[in-house]
1. Count the net charge of all other residues whose Cβ sits under 14 Å from the Cβ of T52, scoring Lys and Arg as +1 and Asp and Glu as -1.
2. Would you work out which of I12, V41, V153 lies farthest towards the positive end of the dipole of the chain, given +1 charges on the beta-carbon of Lys and Arg and -1 on that of Asp and Glu, about the Cα centre?
3. Could you order E94, E145 by accessible surface area, starting with the largest, using a probe radius of 1.4 Å?
4. Would you work out the charge dipole size for the range 134-220 about its Cα centre, treating the Cβ of every Lys and Arg as +1 and the Cβ of every Asp and Glu as -1, and quote it to the nearest 20 debye?
5. Using a 1.4 angstrom probe with every protein chain in place, what is the largest-first accessible-area order of S46, S84?
6. Less than 21 Å apart at the alpha-carbon level, and either on another chain or at least 8 residues along: which lysines does that give for K154?
7. With every protein chain left in place and a probe of 1.4 Å, what is the accessible surface of I144, to the nearest 10 Å²?
8. How large is the helix-only mean residue ellipticity at 222 nm for the chain, computed as the sum of -39500 (n - 2.57) over DSSP H runs with n ≥ 4, divided by its residue count, in deg cm²/dmol to the nearest 500?
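The values are calculated or read from the model by the stated rules, or taken from the named source; none is laboratory data. Keep in mind the model is a prediction, meaning the values are calculated, not measured. Note that we place each Cβ from the backbone using ideal geometry, even for glycine, and neighbour counts take in every protein chain shown. Note: areas computed on protein heavy atoms with side chains; ligands, DNA, RNA excluded. Shrake-Rupley method; radii C 1.70, N 1.55, O 1.52, S 1.80 Å.
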Amino acid sequence: MADSSREPVVVIGLGRFGSSLALELTSRGTEVLAVDSRPKVVQSLSGRLTHTVTADCTDIEALRQLGVPDFSRAVVAIGSDIESSILVTSLLTELEIETIWAKAISIQHGRILDRIGAHHVVFPEHDMGERVAHLVSGRMLDYIELDPAHALVKVSPPRELVGVPLREARVRNRHDVTVVAVQPSGGEFTHTTSDTVLAYGDVILILGRIDKVERFANLP
């Protein structure tokens, strides 16, 4: 089976979100075609990305000339120009791109993108604001919302977990969360077992419902 993570991606719109995404994909070994209508923006990224092109992607013929129909994955990273975002997404749908990710700046914008064919709609500003709010308001070291009800959280172990095997701590029974991995001070993350004994200075990953992991993360 082919490794889909290595399949090329076209990123349309090279603002902060689009350029960061394109650079990160490139650093991971993914071939990227990065497109923007602003020559200065494209020029600033030339040499740092696989392919950078100046083009008006609201024109379906321009998309065809760029070979976009040959891509199975596309990201519409246009944010402030909602009309262009919607038009480009609809054109990618018309070109039958297998998987389309699209950036939205509002719930209404996101709904339209979903209705016209975007397979995944992302809200970078909202998601980042929500994530930072969780980090600022508690003891969490990192927070990833997996769906509207569940989250994966990085946190220091509370006092009650230190020095005893996890089976004796009965974390799942007492707090309804699961300790899935531990990173000893100066080490790397490894999966936990019932015999794992945590120490001060460790970092743990816990998984569970958002309200449960929030409560657990604030234990002394």
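1. With Lys, Arg at +1 and Asp, Glu at -1, the net is +1.
2. Farthest along the dipole direction, towards plus: V153.
3. Numbers: E94 120, E145 75 Å².
Heavy-atom accessible area, descending, gives E94, E145.
4. Approximately 260 debye in magnitude.
5. Most to least solvent-accessible, the answer reads S46, S84.
6. Counting by Cα, and skipping residues close in sequence, K154 has these lysines nearby: K212.
7. That residue has around 80 Å² of solvent-accessible surface.
8. Helices in the chain give a 222 nm mean residue ellipticity of -9500 deg cm²/dmol.
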